[in-house]
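Every number in this text was worked out from the coordinates using simple rules, so none of it is lab data. Just so you know, these numbers come straight off a predicted model, no measurement behind them. Here the Cβ is made from the backbone with ideal geometry for all residues, glycine too, and neighbour counts use every protein chain on show.
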Amino acid sequence: MNIEKALDDCKIYLNQIKQYDPDPFYVKHFFNKFIDSVNIILEGIFEEANRDFGLFITEKISYEGFHQKAKTKNDVKAVRFSEWYKDKFNQEHSSKLPKMIKKICDLKKYHNTLPEIKIMMRAQDRYEDDINQQIMVGLSHEKLRSKEELKIEMKRQLPLFLEVINHKRKEKSEPSVGENQVITSAFIGVEDVFEIAYAAEIYIPVLERIVEESRKKIKELTNWD
């Protein structure tokens, strides 16, 4: 597996998601490819670790399979790596958006599916506890029928959205949101919904850190006497 290519692919798919956002059909298509690339990267780390530690795992590799093989062979260095990786992975996924991306990755990996894409209104300038409001707009084969139709439906639902979000903003002494400060984005969720493009953009540096630090750890342990 080529980790560098998969990382580059993630960035390409993110740009394509942004280009087509919020059209559910195209966002889902490119987010699906983004998630596949994420899984390739995470599996690729253990492909490299398997080679460098000399565990000779021949079946499809995973963290669980690597850890079990290392324990079976009583390979102290490989066990130390897998334990380090688990701590590092959990640390990088302790905040909300990386955790949500991981849940989507697991859903795709084990069930080969993604949840429904929703078009939602959000404030252009985000605040942590802002609400988002789904726009119920007609689709044709999961695609937007027209941008004009979306604008009409957004305008119809905008007053309620502004009333609710500005009430919450006022309680926290945050700036109010005007009509021209609301945009639409594609959202997805398992337990809670999140904005796809924003979450993917935040997740790429997480992947890069995991890859870089995993390689450093492998090198450190394989050179350890």
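Quick notes on this structure:
- Model label sites at Lys170 and Glu83, defined 7 Å from Cα along the beta-carbon direction, differ in position by 5.6 nm.
- Build a GNM of the chain with springs between Cα atoms under 10 Å apart, and of Asp129, Asp23, Asp52 the one that fluctuates most is Asp129.
- The chain: angle of helix 147-171 to the longest principal axis, Cα-based, in degrees nearest 10: 80
- Taking label points 7 Å from Cα along the Cα-to-Cβ direction, Thr113 and Asn32 give a separation of 1.4 nm.
- Tilt relative to the chain, helix 196-222 - C-alpha long axis, 0 to 90 degrees, to 10: 10
- P(r) tail fraction, the range 118-189 - alpha-carbon pairs more than 16 Å apart, %: 47
- Its alpha carbons give the range 72-183 an Rg and a Dmax of 21.1, 65 Å.
- Comparing mean-square fluctuations of Val27, Val76, Val137 from a GNM of the chain with C-alpha springs under 10 Å, the top value falls on Val76.
- In degrees, nearest ten, helix 63-72 long axis to first principal axis of the chain (Cα): 20
- Annotation: lysines with alpha-carbon distance below 22 angstrom to Lys96 (same-chain offsets under eight excluded): Lys11, Lys18, Lys28, Lys33, Lys86, Lys88, Lys108, Lys109, Lys118, Lys168, Lys172.
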